[in-house]
Amino acid sequence: MNYPNQVARIDAQLASVACTADQAGVTLVRRTLEELDDRWYGKFVVGVYGSLADAPDIEAVIPAATAIELLRGYCRLRSELLVQVTDERAHSLSHDESTALLAGDYLYTSAYSLLDSLGYPALGACSEILTDVLMDVTAAFVTGYRQQSPSKLDSTAFFDATTGTIGEGAALLGATLARAEENKYESIARVGRGYSTSRQIRRILGADPGLFKVVPRLIDESKLQTHADFWRENAEVALCDLSTTTDVTPLRLLVEANE
């Protein structure tokens, strides 16, 4: 699986969205997409599809891979805005609220627009997956940043409902486009949620403490580390289950190279 080649295709579609947004005066879209330091979720769509499809046509799934990256950008931007308006701690965020809301809307509507090229019935199924991700992540932000007692916030649940949900959505997009057997969906969802949650927690815990982090206001690092280990092991078991009937080499190469 030539992931660099697929990333170039995803980047090209993202650049097209950013260019159109620039022309519409929504320049924050470009900045948000450029701040994402990898295309892990888009590559995950490709990796799942490449592992499960009988005769993979990678070019056909690039719109879905790009769509999940756009949704990821929307979630990042919306979370930054919520931090900006609710967190009294020092941070470097200075988004104009109206501009940030407009850019966020542009990102997620562009994600749906990209799916148009998939055609029926994949369009309907993939749109439903994006909608489920969007609703779950939005609910998590409301709970995480607006509740009156942040000390009671379960940070593990926050990561499950945000990063984990996006990872599961990426996995389900790949499985849907591969027309995977129904009995494989539960395992592939666990793979997506598990690796995504574990990876993001480890990245947060290993980051420079001076850098701004888009995370719940109060976190228990020991608890989060344990939670990351749990999800990593859970994802490994699910991937092993899939490997008994499927060649998951493309997916395994991805998760091993992007820990």
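The values are calculated or read from the model by the stated rules, or taken from the named source; none is laboratory data. Worth saying up front: this structure is predicted, and the values here are computed from it rather than measured. Glycine also receives a Cβ, built like all others from the backbone with ideal geometry; neighbour counts cover every protein chain displayed. Surface accessibility is based on the protein's heavy atoms, side chains included, excluding ligands, DNA and RNA. Shrake-Rupley method; radii C 1.70, N 1.55, O 1.52, S 1.80 Å.
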May I ask you to evaluate 6.51 cos²θ - 1.76 cosθ + 1.60, the Karplus curve with θ = phi - 60°, for each residue of region 131-138 and list the ³J(HN,Hα) values in order in whole Hz, giving x for glycine and proline?
5, 4, 4, 4, 5, 5, 5, 4
³J(HN,Hα) across region 30-36 via Karplus (A = 6.51, B = -1.76, C = 1.60, θ = phi - 60°), whole Hz, x for Gly/Pro?
4, 4, 5, 5, 6, 6, 5
Want the number for ALA55 to ASP105: 0.36 nm per residue separation, take away the alpha-carbon distance, what's left?
14.5 nm
Given Cβ charges of +1 for Lys and Arg and -1 for Asp and Glu, the option among LEU70, LEU81, ALA60 whose Cα lies farthest towards the positive end of the dipole of region 1-86 is LEU81
Return the whole-Å distance between the Cα centroid of region 168-205 and the Cα centroid of region 13-46.
22
Apply the a/c threshold of 1.5 to the C-alpha gyration tensor of region 1-77 and tell me whether it is rounded, prolate or oblate.
prolate
Taking GLU182, GLU34 and ranking on accessible area (1.4 Å, protein atoms only), highest first, one gets GLU182, GLU34
